[in-house]
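Taking it in order: structure first as structure tokens, then the write-up.
Laboratory data are not the source of any read-out in this text; all were calculated from the coordinates shown. The shown structure was predicted, so the numbers you read here are calculated from the model rather than taken from an experiment. Cβ: placed from backbone, ideal geometry, glycine included. Neighbour counts: every protein chain shown.
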Amino acid sequence: MSRARTIVSLVLPPLATVLIVILAWEGAVSFFSVPGYLLPPPSRVAAALWSDRVDLLWSTARTAGATAAGFAIAATLGVTIGSTLSFSLLLERGIYPLTLLFQMVPLVAIAPLLVIWLGNGPNTVIAASAVVAIFPVIANTVGGLRSTDPLLEELFAISGATRWQRWTRLGLPSAVPSIVTGLRIAAGLATIGAIVGEFVAGFGGDVAPLGIVITASLREFRTEKVFAAVALASLVGFALFGVVSALSTLLLRRYDASP
Amino acid sequence: MGVGVSVRDARKQFGAVEVLAGIHLDVEPGSFVALIGPSGCGKTTLLRAIGGVDALTSGELVLRAPSGKPLQSSEAEIAFCFQEPRLLPWRTVQHNVELPLELAGVSAAERGDRASDAISRMRLSEAADRTPAQLSGGMRMRAAMARALVTKPRLLLLDEPFGALDEVTRYELDEELLTLQKSEGFTAILVTHSLPEAVFLADRVVVFSPRPARLILSETIELPSHDDSVRTSDAFNRHVRRVSDALHQAIREAMPTGNGGATT
């Protein structure tokens, strides 16, 4: 199969599904005469997207910026924490289980605390995004570093490698495929974190981010605008996921098969 | 050039299991010694002890410069070659071969040159920019050998290095290894299961009994030449025969009596 045909066969089925769902949704809303504030038809969502396009574009940019910042912090800190933990068994045993807290404590419960510490505004949004996204990065860094080939470990030990050399030249490169998987998961979570952060740390200014657009439109019963904002928020998640996936494909080209 | 090794009464216990039961072994500087014995007899254990990877339970192990001066294992410039090539999958051949120099803090320019040189000695230059996944088994082993040789070792420890290769590739690498060992003068100690390989490569073949290992034969090899044709010569076959007989006798003796004979 040619490359072009592979892409078509990958892209076409989900597109067709989306199209069918939109058509069915449009048909069902008009057939059952569902009121617009409960479930607006896709055509009205599209109209809302179009009429508020400039504002929505800026809102999306703002949310996307916070998401990207949160993701970047989660990625950097996650790899650093995961690596530090794997440097010592004691640290790993003592601290690694506690990092599960990032996973266990619901973000909505700690988000108000973030507001107290960081105030209303983008800092809280970025922090919320980083807090939910960091756990899979830590877990996959630790997991990846644990799965280093023992034969290669021995080679490095015999060659008199220092701990730092072992980490930079063996541990980290071995862990890359696992870390990349963690980053993919983190990309989706970072978007969720940012939107939740915007819900609680609602900051206005000239341009409201998507989370605020959602809460404000809800209050005004402009359900079609809620849908428009949700669609854009998913787009942010997809875009980040796409960028991370593309980068990881580049990074993993050398890892196609181990000898 | 090469480093001499002398082992006195080497013993090794793993828990209750006795692996080495008092081994005496002398390896002359610049010589090639092959260790042969049944699987699990402790050959690899001895090799790793000589390399300073594992400690002996008791016994004496001395590495010496050709002048007779004792050396620490860190001064002896030891390199290992394992059965698995142990290459880093994300690095090219060139960068894999540079690794030992990189770990030793050699400058980038110098290690590039030295690695290229070692790669060309292993006749792998055209594959220098490929990753291990793109190489055949024989080429991976060549890369591993180049990595072992790049540090200019004075003692090369080979643990069954060509065991996973096909026969033709194995013969080819045997010959190249021997040529390099003769020209560079390092001492080589080889663990192998192949009697013909041991006889072809070594100046001396040392035969171990089943575990706990004792030394049962030390056969000095004298061959008329060292090219491939020698493998069918009478001298070659006589040596293989003697080593094989000693090995089989040791295996038979180690078997519980009345339990039938050893099989080949």
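Odds and ends about this structure:
- Cα shape, chain B, gyration tensor, a/c 1.5 rule: prolate
- Rounded to 10°, Cα long-axis angle of helix A:122-146 versus longest principal axis of chain A: 40 degrees
- Distance from the C-alpha centroid of the stretch A:162-216 to that of the stretch A:65-84: 6 Å, rounded to the whole angstrom.
- Cα-Cα P(r), the stretch A:42-255, percent of pairs per 10 Å interval: 9, 30, 29, 18, 10, 4, 1
- Shielding by other protein chains, B:129-136, mean Cβ within 10 Å: 3
- The protein assembly as shown: Cα Rg divided by the 2.2 N^0.38 Å rule of thumb: 1.39
- Once you reduce the stretch B:174-248 and the stretch A:106-159 to the center of their Cα atoms, the two points are 56 Å from each other.
- Computed from the Kirkwood radius of its Cα pairs, the Stokes-Einstein diffusion coefficient for the stretch B:86-152 at 25 °C and 0.890 mPa s stands at 218 µm²/s.
- Taking a ≥ b ≥ c as the square roots of the eigenvalues of the Cα gyration tensor, the stretch A:75-126 is prolate, since a/c reaches 1.5 or more and a/b is larger than b/c.
- Options A:Leu251, A:Pro14, A:Ala187, ranked by Cα towards positive dipole end of chain A, top entry (Cβ charges): A:Leu251
- When the alpha carbon coordinates of the stretch B:104-226 are projected onto the principal axes, the ranges are 48, 34, 29 Å, largest first.
- Across the options B:Ala108, B:Ala16, B:Gly37, the greatest Cα extent toward the positive end of the charge dipole of the stretch B:1-122 (unit charges at beta carbon of Lys, Arg, Asp, Glu) belongs to B:Ala16.
- Length gained on full extension, B:Glu18 to B:Gln72, computed as 0.36 nm times the residue gap minus the Cα-Cα distance: 16.8 nm.
- Estimated from the Cβ-Cβ distance and a Förster radius of 35 angstrom, the FRET efficiency linking A:Arg146 and B:Ile216 is about 0.20.
- Its Cα centre serving as origin, the stretch A:1-122 has a Cβ charge dipole (Lys and Arg +1, Asp and Glu -1) of approximately 260 debye.
- Of the residues A:Leu101, A:Leu57, A:Leu235, the one that moves most in a GNM of chain A with alpha-carbon contacts below 10 Å is A:Leu101.
- Label separation (B:Glu28 vs B:Met255): 3.7 nm, computed from points 7 Å beyond Cα along the C-beta direction.
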